[in-house]
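The values are calculated or read from the model by the stated rules, or taken from the named source; none is laboratory data. Quick caveat: nothing in here was measured; it's all calculated off a predicted structure. A quick note on method: Cβ atoms are made from the backbone with ideal geometry, for glycine too, and the neighbour counts reach across all protein chains shown.
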Amino acid sequence: MSEREKESGRAAEDRLGGGSPVSAASGGTAAGLAADSARTGAADTPVKLALSGVHKSFGSKRRPLPVIGGVSLEVREGEFVSLIGPSGSGKSTLFHLIGGLLQPDAGEIALDGRSIAGERGHIAYMPQQPALFPWRTIEDNVALDREVNGTPRRETLEEARRWMARAGLSGFEQAYPHTLSGGMQQRAAFVRALLSPHELMCLDEPFSALDAFTRSEMQAWLLDIWEETRRSVLFVTHHIEEALLLSDTIYVLSGRPSAVLRRIEVPFPRPRREEIAESPEFLALRRELTGLMKEEQRKSRSGTFES
Amino acid sequence: MSLRSTLAQWFRSAWPPFVAVLLFLALWESAVRFFAIEAWILPSPSIIAGEAARSADSLRMHTLSTLKLTLIGFAIGSAFGLLVACLLHLVPLLRSALYPLLILSQNVPTIALAPLLMIWFGFGLLPKIIVITLVCFFPVAVSTMDGFAQTDRTMLNYMRMIGAKRGQIFRKLEFPHALPSLFSGLRIAATYSVMGAVIAEWIGAQKGIGYYMILQKSAFRTDRIFAAIVIIVALSLLLFLLVTLIERLVVRGGRRSGNAEGGETK
């Protein structure tokens, strides 16, 4: 495992988006290495993002409405972590806290061991709606994150085009977003996040607006790209199968005020194929998670009736 | 959309009103002849056209003078409106203090200020430019601020999440997002500015289409007044088309203010 350690250390330095020509090569090696390691515990890889005891309430001082009630979780370097929970469990609020748009009332948010609570500009982000700028061509949209982080558009274009090709967007470099299908727009939004110089990617229910078929296509595509790049990912979804297919670790959130109900390590080896969805192990995990979610949904609904 | 298909589409939608205008002119012509209406009350289109051709030189001189005045006033007024909109948007305190006053101030008919401006600034170019500036300022400022306020929430949220600074959000998101709104303001201002120029010339000028109209009014030259009106309409239309053309060049991505959202889905 020592070699794996070194590898992930290096990957953190010249990760994709670092702008160095080595990044593509090291990404390739990482994927090759990952194929033989089953990644069960991964307790030896350093922690990228850590939330401990995060609380957040809205409303007035006298009548606070607690939304996040003590969430603690970890994303290790190169780990794909999913958050699932009933609707209204404050998943978006949690992202706003990590993104620095909101200050936590209590608790700590640390990136690479350093507190980033209330600080912006440390993460790559992909929102639920693609949020591509309609007046920018696709390639200019894809370069936007880098541009905001200080890299001139021109310097990004070559790499942007390479990744756009991987996303099936070749030939659409000069097109405007409104001419693309929903799935293509989401892929462009993903490439935009992928090119960010920030290693940690926060994906906020990125496929929820897509139809079922496009969605499963996008999952397979994302799985493929992610296994190649091995970025640290925090992925919010309410789709259980999606979480099981993609993640190394799943955190199940409770209804409001949300806390972590369960932490599940997904045992399937990488690279994964969609076929694992038919294995008995997968089905058992899915049943367990579905039961947990149903219970939570029911509780939070009766909770709203009481108040 | 290519230029060619734009032209074809324009032609298709333009010919019915064009035929309607021709019919109207024919009706006018024959009515004037049939009822033998005197030319100082209602001249026929042919008389107006003939007179316009005869006094082409003097009309051209007056038209150019008005056009110059209009363009200067339009440019200054629009620039000022845009500047104020940006300033009020970027400084919330300023906006909450001044925006209501801005709306209230529009109840003062700008045209009514013209005589006052003449007294203060004389009969030169300056008071006329001030009138046009005042007339253009408001639509540009208000629609641009509207555009800023309507910035897409998801895009704004995205920019914040990736750590964009205030200036970056303004330059890369809010300003380009407000461009179609700015242009609808400019279109209104373009028509207003011609009107402002003509009225300013009525009140006091030595040349210009407005001055020409006043002159012909005292001589009861109805035909020449009609010619002047046609020129004013043409000027308004010209400026309107100019703004539309610039918008076509500047606003990208199929979201022009004319054909609103989703007009060009392919």
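Tabulated data for the structure shown
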{"item": "Count - residues of segment A:272-290 that are of a type in the set (Asp, Glu) and closer than 22 Å to residue A:225 by Cβ", "result": "2"}
{"item": "Selection status of residue B:6, touching a Gly at 6+ places or on another chain (Cβ under 8 Å) and assigned to a helix (DSSP H, G or I)", "result": "no"}
{"item": "Failed item in (1) touching a helix residue (DSSP H, G or I) at 6+ places or on another chain (Cβ under 7 Å); (2) within 14 Å of chain A (Cβ to nearest Cβ), with residue B:161 passing the rest", "result": "(1)"}
{"item": "Selection count, segment A:93-111, where residues are in a loop (DSSP other than H, G, I, E, B) and either away from chain B (no Cβ under 12 Å) or farther than 14 Å from residue A:55 by Cβ (or both)", "result": "6"}
{"item": "Meets criteria (buried (at least 20 other Cβ atoms within 10 Å of the Cβ), out of contact with any Phe, Trp or Tyr (no Cβ under 7 Å at 6 or more places or on another chain) and assigned to a helix (DSSP H, G or I)) for residue B:182", "result": "yes"}
{"item": "Unique match (being among the basic types (Lys, Arg) and at pLDDT below 90) among A:256, A:192", "result": "A:256"}
{"item": "Residue identified as of a type in the set (Asp, Glu) and modelled with pLDDT under 85 among A:36, A:105", "result": "A:36"}
{"item": "Residue match in segment A:221-237 (condition: in contact with a Ser or Thr (Cβ under 8 Å, 6 or more places away or on another chain) and surrounded by fewer than 19 Cβ atoms within 10 Å (Cβ to Cβ))", "result": "no"}
{"item": "Segment A:170-183: number of residues that are under 21 Å from residue B:255 (Cβ atoms) and more than 13 Å from chain B (Cβ to nearest Cβ)", "result": "1"}
{"item": "Breaking point among (1) crowded, with 19+ Cβ neighbours inside 10 Å; (2) among the hydrophobic types (A, V, I, L, M, F, W, C); (3) within 23 Å of residue B:81 (Cα to Cα), for residue B:149", "result": "(1)"}
{"item": "Scope segment B:111-153; condition within 14 Å of chain A (Cβ to nearest Cβ), polar (S, T, N, Q) and touching a helix residue (DSSP H, G or I) at 6+ places or on another chain (Cβ under 7 Å); matching residues", "result": "B:151"}
{"item": "Exclusive hit being under 15 Å from residue B:160 (Cα atoms) and either surrounded by 16 or more Cβ atoms within 10 Å (Cβ to Cβ) or not polar (S, T, N, Q) (or both), set A:154, A:114, A:146, A:162", "result": "A:146"}
{"item": "Verdict on residue B:156 being among the aliphatic types (A, V, I, L, M) and within 18 Å of the chain's Cα centre (by Cα)", "result": "no"}
{"item": "Filtered residues of segment A:212-246 (kept if of a type in the set (Ser, Thr, Tyr) and farther than 17 Å from residue A:194 by Cα)", "result": "A:214, A:216, A:237"}
{"item": "Filter result for residue A:208 (touching a helix residue (DSSP H, G or I) at 6+ places or on another chain (Cβ under 9 Å), buried (at least 22 other Cβ atoms within 10 Å of the Cβ), within 14 Å of chain B (Cβ to nearest Cβ) and of a type in the set (Ser, Thr, Tyr))", "result": "no"}
{"item": "Matching residues, segment B:194-208, being in contact (Cβ under 8 Å) with a residue 40 or more places away in the chain and either in contact with a helix residue (DSSP H, G or I) (Cβ under 6 Å, 6 or more places away or on another chain) or among the charged types (D, E, K, R) (or both)", "result": "B:194, B:196, B:197, B:198, B:199, B:200, B:201, B:203, B:204, B:205, B:207, B:208"}
{"item": "Which numbered condition residue A:125 fails, given (1) at the interface with chain B (Cβ under 9 Å from one of its Cβ atoms); (2) over 13 Å from residue A:200 (Cβ atoms)", "result": "(2)"}
{"item": "Residue that is farthest from the other protein chains (Cβ to nearest Cβ) [pool: residues in segment A:134-162 that are part of a helix (DSSP H, G or I) and polar (S, T, N, Q)]", "result": "A:156"}
{"item": "Leading residue by the ranking (surrounded by the fewest Cβ atoms within 10 Å (Cβ to Cβ)) among those in segment B:118-146 that are in contact (Cβ under 8 Å) with a residue 24 or more places away in the chain and farther than 17 Å from residue B:80 by Cα", "result": "B:123"}
{"item": "Boolean, residue A:72 is away from every other protein chain (no Cβ under 14 Å) and in a loop (DSSP other than H, G, I, E, B)", "result": "no"}
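Residue-by-condition table, conditions (1) away from every other protein chain (no Cβ under 11 Å); (2) over 30 Å from residue A:172 (Cβ atoms); (3) assigned to a loop (DSSP other than H, G, I, E, B); (4) of a type outside the set (Val, Ile, Thr):
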| position | (1), (2), (3), (4) |
| --- | --- |
| B:169 | no, no, no, no |
| B:176 | no, no, no, yes |
| B:216 | yes, yes, no, yes |
| B:227 | yes, yes, no, yes |
| B:231 | yes, yes, no, no |
| B:247 | yes, no, no, yes |
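To keep it simple, each residue is scored yes or no on (1) of a type in the set (Phe, Trp, Tyr); (2) in contact (Cβ under 8 Å) with a residue 12 or more places away in the chain.
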{"site": "B:7", "(1), (2)": "no, no"}
{"site": "B:11", "(1), (2)": "yes, no"}
{"site": "B:15", "(1), (2)": "yes, no"}
{"site": "B:22", "(1), (2)": "no, no"}
{"site": "B:31", "(1), (2)": "no, no"}
{"site": "B:40", "(1), (2)": "yes, yes"}
{"site": "B:43", "(1), (2)": "no, yes"}
{"site": "B:55", "(1), (2)": "no, yes"}
{"site": "B:64", "(1), (2)": "no, no"}
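So that you can scan it fast, the table gives a plain yes or no per residue for (1) at pLDDT 95 or above; (2) buried (at least 20 other Cβ atoms within 10 Å of the Cβ); (3) under 25 Å from the mean Cα position of the chain (by Cα):
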residue: B:162; (1), (2), (3): no, yes, no
residue: B:165; (1), (2), (3): no, no, no
residue: B:168; (1), (2), (3): no, no, no
residue: B:192; (1), (2), (3): no, yes, yes
residue: B:200; (1), (2), (3): no, yes, yes
residue: B:203; (1), (2), (3): no, no, yes
residue: B:207; (1), (2), (3): no, no, yes
residue: B:210; (1), (2), (3): no, yes, yes
residue: B:219; (1), (2), (3): no, no, no
